[in-house]
Structure formats: structure tokens, C-alpha cells
Amino acid sequence: MKIYRLHVLISTDSRSILRGALEIEAKLKEEIKKQGLENEVQILRTGGWGVEEGVQVTVYPGGLIYILKDEDDIPFLVTEHFLKGRPVKKLLFEIEAPPRVEAPPTVEEEILRKQTRLVLRNVGLINPDDIKEYIAQDGYQALAKALTSMKPGEIIQVVKDAELWGRGGAGFPTGFKWELTAKSPNTPKYIICNADEGEPGTFKDRVIMEGDPHSIIEAMTISGFATGATKGYIYVRGEYDLSILRLNRAIEQAREYGLLGENILGSGFSFDIEVRNGAGSYVCGEETALIESLEGKRGEPRFKPPYPSTVGLWGKPTVVNNVETLANILLIVLKGADWYKNLGVEDSRGTKVATLFGDVNVKGVIEVPFGYSLRDLVYEIGHGVPGGKSLKMVQLGGSSGSFIPADHLDTPIDWKSLRQIGAGQGSGAILVLDETRCVVDFLKNLLKFFNHESCGKCVPCRVGIAKALDLVDRVSEGNIAVEELEFMQNLAQVIRGTSLCGLGQAAANQILEALKYFKPEFISHIETGYCPAQKCGGFKHV
Amino acid sequence: MKCEETLYSKEILGLIEKYKATGEPLLTLLHEIQDLHPDNHLPATALKLISKELKMPVSTLYSTVSFYSMFSLKPRGRHIVRVCSSPPCKLDGTDVVLEALEKRLGIGVGETTPDRNFTLEEQSCLGVCSLSPVVMIDEDVFGNVTPQRLPVILESYEED
């Protein structure tokens, strides 16, 4: 085996590739060869650090992160750092934010300082296309432990004890889900990984699948062993090409190593996984709609109960878990429930992967323990709102999430505290809006989205959202009476109360929350035509 | 023409054969058949063939195909331009980009250029929200798109 002096990790997730990662990699290789360093410097592909800027190149030892945007910088970098051992300051990762009293250190700790990376522990560090690197980071240890020293019931118990709740948005206790399926007398049983990440503003699952695909495969296999399932499906959005490619490669490698397929690790347990592509439908993220879609039908939600845990895919007991939920399983099995429960707060254990974007200085994918306040997330990790503007609101949990106005910013992110202000954490998307954004225009876009994605099965959602959109349109044109806002609220309440699945309920919630926190803005649109973003029609007539 | 059609049917039958044993997965099969067609869509002849082979009513197939936004029953252009129109992208000016695209291509959303080169579609969130607004052409994703950048982006897909 070759021993290298320097290890250079290049981020090659889909967003980095967009920013030219492959060109940078080729140029680096060329330059290293030119300077005769090919036996000293090793170039490896990894996922990204969650920094949304340039191509991230991490150099070990030292863990220095360079942000490369220009190929012309590469010869200098290679000469200075790789050859002469002097870090190139001007290319190092720095946070573009108003200067603070203490200068931020420009090493990997800066990104990770406030974060606790459990689910993302391997993302950015290992090559997702190489199972050996995953195994070197204790990969497949949890599976080995589960298969050789635990009984299925024990695994379910440890997941229950760890109080792991689903990370897809609804927050259903995972262990309980598994138990229901395990107890069902029907066979065969199925495990489905819900990777239909369609929630606008959410790309955490994509980061996990592109950066650490083996962790999903390992966790699904454990789940299969615990519940008695023999087959797993990963339902990935049709638009996520790179995720599909990397998952398929990982599955192939796992099969080759005997970690998937017949008689895994000689334990007598057999389990296999297939990747299935979606075809462009938001509602298929709802678990019963996803199951319908897997069966090759229209992705329309089913009536519940019965729940998929007992009557799921092809009418058989089925566990449906989100990508991030599954990624949590491994550490729980390896380190135990007590260790896991140390993270987070009561009723919300562990960490949450979130995507921070919108009007913040530093956008990215982050992971923090539950209990972190939104203010800290936006101002500490996100380094505040650009241009010195003040924050108007945060939309937590994607388009079907909740409005959090500035006065609620100190609310910790955990199920209980959020419920107290009538919100939910949803998928973990954190969209920051500054004071120049218009709530009416934002709500209009939200409703347009829901109107388009409504599957049409139930009337309140199909007809109600279209009607509500019309009302909001009229608000934005100033062509409505203030009293009609009352009607809009009633309409939203009916939609929320009578829709079949979460889509209609979520759409109605957006209306109710917009009115709850920003009614004066609606009224000023109607009465004076004033729009803070100068986007709405009424403004032009003034 | 006739000969081309038979060739096309043969290829479809080959694909169906692959899945016939299990009868699933239908969506993957539809994806593959759609990719096969030069006009990027699922023509009625293809649906009829699938219906016959998989013993499934055409109406059921139609209801499935028409449900998903990635399938099309109408012929489409060689390149599909998808503009992300989800709320986060809208905040960053999707509308301006869409307008510029419509003007440049001379078509509206859901339409195809007369030379059959481009079809313009709206697309829900592509999961690259930190680079909004986002446009996807075929399988390539472009972030931070502005009307000024559009000519350069479109150039490589334009026919000589």
C-alpha cells in the first residue's frame, strides 16, 4: 500500500459539480503530475462540507479547507502548499460576514464549531463510491453487531429506548413503527426508505445519499432484520440522478462484500435492496402515496387507518422511514440508547440535519442537536442577514412547514417547544426572509405550488386551494374587501379540517399562519396598496 | 416510416419482456420507454402495447402517466428546459428568468419550439435551493441563473 504525504479531498456532490468540481479535480491532477508530486499527494472524492460556495478542497494533515473558484489558482496552490508546505491564505475558506471581535479560525472547525455531526459524520470525509472507506469509518459495524449479538426484539427495544422520532416531518416514534410491523403475522414484509425529498427548500437527504450512501443500506438491513422483512426499496425522486447513481453503486458493492443479499455475514439472514425512481410528484413523499407509486399507480394517498406498518406495499406490513431517520439507527445500535439520549432535549433526542438558506450570509447543510434556538442557527451558524437588514420571519420545515416571525426566534428547535407556538419542525428546511420580502407574494407562491401538486383525490384540497389562491391574488392586487379575509380564514380552517392527507392541511396552515402573524400587511395591501417588496399589483396603481 | 414503427415496437417489447416476470416496476419501465422515443414522450401506440402485454387497461395506464410530471403524452423537443418554480426559487427571481426564457425561445410553459429542439416546463423543487434560481436542461442543472446568462447556457443545446 502506498503511503501519501498529503491527502486532498475534493467535494463532488451535485452542487459542487455545478460549481466546477470536476474541472478543478482534473486541473489539480494535471498540476500535481507536472510538479512531480503524484506519489506524495493523493486526491480523493468526497461529498461536500455543506458550504455553499466554490469547490471545497480539504487538505490533510491539518484539515485546511480551500474554496476554489478559479482554475488559475491551482498551480500556485500546488507549489505553495503541496510542494513547499505553506498554506495559501487567500484561498482558504473564510466566512463573508461583517467582521466580529474575534476573527474566525479558518480551519474545518469553523464549519463544525457549532455543529454536532452524527448523521453527517462521514459526509465530506469519505469517498461515497468506495465501500472500503466506509468500512474504515466503522461502517457495517452496527450491522455486524445487530446480526451476531442481538435479537430482533432487542434492536427494536434499543430504538424505542433511544426515543428516535421520524425525521421526515411527522415525527412518529420509529421504534413503535418497527414493532407494529414486526408483530404483524403477515409476510412478506417490506422496508421502504422514503427518499422522495420534494419539500421545497429541503436537500438534506440528497446530501446524505450523495455523501454517505452506505449508511442507508446498512440501516435498512438492520431494520429488515429487526422487523423480519426480506426486501427493501429506496424510493428516490426521479430528478436526483446523482443520488440514484451512488445508491446503486453502493448496493452493488455491498452485495459483492456479502453485506447484502443471501446469508449476510454468515448469519443466515437474507435481505436485498432495490432503488426505484419517482417520476415527478410532490405528494408521493406522503407514505401511502409513495406506496401506491411503488406499485406503479397514481400517487394518491390512501385512507388511514390501516397504516402501512400493517397494511402497506402490496397490502403487506411495511416500514416506511425517511433517509435521515435511518441514518440515525447506526449510532443507536452501536453506542446504545443511553448514549444517544444524551443528545438533544426531552422528547426530542438526537440531532437534526437542516438546510439553511434564503436571506442569510452563510447558507448550507448543518447538523445540530435538538434544543438549538433558531436565533443561534441564523445568527451564529448562518452569520446573520446580509446587508444589515432585519429578519422578518423564518419558514421552518419547507413549504408545508410553519411561519416563525421574528419575535418567536428564540424558540428552541424541538417538538415540544415548537408545538407550544403552534408550529412543527417539518423537514428541517430553514428559509430566512428579510424585511424587504412580501408575505402576500410569498403566500401566493406557496399556494400556487400546492395548487399544482394537489393530487385531486379529495375536494377540500382540490377546490379549496384554488379558491384560496384566487383570494390571495386579489389581496395582492388590492381588489378585495378587508372583511373577506375572514372568509379566507374560514376557508383555510375547513381545508385543514377535512383534507385527506397532509398536503391540504399544510396548504391551509400557510394561510392561517400568514394571517395570524402578518394580517396588518394584508390589510395595508388592500387599503393602501403598499407592498414591502414592491411586487404586488396594488403598488403600481398608487 | 412503417419500418421505423415496427423497429420501435420491437424495442418496447424488449423492455417489457424485462419486467414481465414480475409485472413491476411500472414507473421504471415507463421512464425507459419514454427515453427511447426521439420525441421524449409516451405515444398512444406505446401505451397500447404495454396494455396488451401487461394485461392492464389503457385507461389505468393513462391515469398513471398523466399523474406524473416527468411523463408526457405529447411529443416534446430534444431538450427539456425545466425551470424550478418552487417558492424558494421564486424569491430569487424565477419569474424574471422564466419570462426571459419564454421570450428567447418564443414559447410558453408546456410548449415546444417549432424546430422541436426545446420544450419549456415548470418543475418543482430540485433540491439545490442554495443556488436559486435553478434551471435544469435534460440532466444538467444550472444554478444562480440570470437572464444575462441564458444565451450562454442555451447555446450548447442549440442546433447548428
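Where a number appears in this text, it was derived from the coordinates with a stated rule and is not lab data. Because the structure is predicted, anything quoted here is derived from the model rather than measured. Note that we place each Cβ from the backbone using ideal geometry, even for glycine, and neighbour counts take in every protein chain shown.
On the beta carbon distance between B:Glu155 and B:Glu99, with R0 = 22 Å, the FRET formula returns roughly 0.70.
Computed from label points 7 Å out along Cα-Cβ, the spacing between B:Ala44 and A:Glu94 is 6.6 nm. Fully extending the segment from A:Gln420 to A:Gln489, taken as 0.36 nm per residue of separation minus the present Cα-Cα distance, adds 22.7 nm.
Within 10 Å of the Cβ of each residue in B:27-33, the mean number of Cβ atoms contributed by other protein chains is 4.
Within chain A, the longest run free of exposed loop sites, counting GluC sites (Glu not before Pro) that sit outside DSSP helix and strand states (H, G, I, E, B) and have at most 10 other Cβ atoms within 10 Å, spans A:103-482. Take each residue of peptide A:269-281, count the partner chain Cβ atoms within 10 Å of its Cβ, and average: the result is 3.
For the pair A:Glu262 and B:Ser59, a Förster radius of 60 Å applied to the C-beta separation gives a FRET efficiency near 0.90, rounded to the nearest 0.05. Take the Cα of A:Arg375, go 7 Å toward its beta carbon, and the backbone nitrogen atoms of the range A:396-410 under 15 Å from that spot belong to A:405-410.
Treat every Asp and Glu Cβ in the protein assembly as shown as -1 and every Lys and Arg Cβ as +1, leave all other atoms uncharged, and give the resulting dipole magnitude about the Cα centre to the nearest 20 debye.
I would put it at about 1460 debye.
A:Thr310's amide H: which non-local residues (gap 5+, or another chain) put their own amide H closer than 5 Å, with H modeled 1.01 Å from N in plane and none for Pro or chain starts? Amide H neighbours of A:Thr310, under 5 Å, 5+ apart: A:Thr318. Where both bridge residues fall in chain A, DSSP classifies roughly 55% of the beta bridges as antiparallel.
In this structure, A:Thr436 and A:Asp70 have a Cβ-Cβ separation that, at R0 = 45 Å, corresponds to a calculated FRET efficiency of about 0.90. Helical runs (DSSP H, four residues minimum) scored at -39500 (n - 2.57) apiece and divided by the length of the protein assembly as shown put the mean residue ellipticity at 222 nm at -12500 deg cm²/dmol.
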